[in-house]
1. In this structure, is A177 under 27 Å from S68 (Cβ atoms), of a type in the set (A, V, I, L, M, F, W, C) and free of Cβ contacts under 8 Å to residues at least 24 places away in the same chain?
2. Which ranges mark the strands (runs of 3 or more DSSP E) fully within the range 16-69 that have 1 or more residues being β-branched (V, I, T) and out of contact with any strand residue (DSSP E or B) (no Cβ under 8 Å at 6 or more places or on another chain)?
3. So, A142, is that one small (G, A, S) and in contact with a Leu (Cβ under 7 Å, 6 or more places away or on another chain) or not?
4. Quick check: is even one residue across the range 70-79 touching a strand residue (DSSP E or B) at 6+ places or on another chain (Cβ under 6 Å), open to solvent by 10 Å² or more (accessible area, probe 1.4 Å) and touching a residue at least 60 places away in the same chain (Cβ under 8 Å)?
5. Counting just the residues of the range 80-130 that are touching a strand residue (DSSP E or B) at 6+ places or on another chain (Cβ under 8 Å) and part of a helix (DSSP H, G or I), which one comes out least open to solvent (accessible area, probe 1.4 Å)?
6. A19 versus (1) modelled with pLDDT of 95 or more; (2) closer than 29 Å to A209 by Cα; (3) open to solvent by 20 Å² or more (accessible area, probe 1.4 Å): which is the lone unmet condition?
7. Applying the selection to the range 146-162, what residues are open to solvent by 50 Å² or more (accessible area, probe 1.4 Å) and in contact with a Pro (Cβ under 8 Å, 6 or more places away or on another chain)?
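The values are calculated or read from the model by the stated rules, or taken from the named source; none is laboratory data. Keep in mind that this is a model prediction, so the values were computed, not measured. FYI the Cβ positions are ideal-geometry reconstructions off the backbone, even for glycines, and counts take in every protein chain you see. Side chains are part of the model used for accessible areas, which takes the heavy atoms of the whole protein and leaves out ligands, DNA and RNA. Shrake-Rupley method; radii C 1.70, N 1.55, O 1.52, S 1.80 Å.
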Amino acid sequence: MPETTPSDAGAPHSSPAAARQSVISLDHVSLTLESGAGPVNILKDINFAVTTGETVGIVGPSGSGKSSLMSLMTGLEQATTGDVTVDGLSLTGADEDRLARHRLSRVGIVMQAFHLIPTMTALENVAVPLELARVNDAFDRAAHELDAVGLAHRMDHYPAQLSGGEQQRVALARALAPEPSILFGDEPTGNLDGQTGRAIIDLIFDLSAKRQSTLVLVTHDPALADRCDRVISMADGRIIDDTGDTRAVADDGSTLLNKVGRP
């Protein structure tokens, strides 16, 4: 596979899906955070677009910036420079109320930690975003989503009564309940054993395909990323490969960093 140079690594991806509408677009995006030792450049001149219905894996070693990139795309973090547009909304400069409404209605997020409310049953946890959105049949829809992830028999159980895999299924049902156009996953199998993790990933891909959702997965696992339509590789806060070459991934970042010079 041809090697990607620094000049074209950050360019928008070109694929057969390019004719479809972009649902995520990042234009010359950077993220700089302050620390006791001074400013830290987390993300540097990020440029790419994701089209409707595309599945995208974002890979790279720890500290490469992939989780920070997802935080920008979900509106949990604001870009320092550039523009982030998600499902028609420019997130750059949007106030927190607008971002929260956008996440509630248009974006689903599944994290490595399950983030379930311990004092609520599985059914109540899934109903939370629907009730916040003032959906009339919130509990009926929550029950439907739990059935879709195979937990119809566990609706009245509390998180402490569920296995790790079951808790992640509840989290997935909660993310999908508002029928988002985009589903984000940040290491969604990181707290699960191999077999359970594979079952969760199968479920994520299956439900996303059935609902024609755009899927963006952040992962350390090249095998998982290979299941996506497209793979974006990151290192040192930059996109260094957008050709789907997961061979570029190394745990220490050494292979990746050979492709780009240090700033």
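1. no
2. none
3. yes
4. No: zero hits.
5. Going through the qualifying residues, I end up with H102.
6. (1)
7. Hits for the range 146-162 are Y158, A160.
Yes/no per residue for (1) open to solvent by 10 Å² or more (accessible area, probe 1.4 Å); (2) in contact with a strand residue (DSSP E or B) (Cβ under 9 Å, 6 or more places away or on another chain); (3) at pLDDT 95 or above:
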site: D140; (1), (2), (3): yes, no, yes
site: H144; (1), (2), (3): yes, no, yes
site: G190; (1), (2), (3): yes, yes, no
site: I204; (1), (2), (3): no, yes, no
site: T214; (1), (2), (3): no, yes, yes
site: L217; (1), (2), (3): no, yes, yes
site: L224; (1), (2), (3): yes, yes, no
site: R227; (1), (2), (3): yes, yes, no
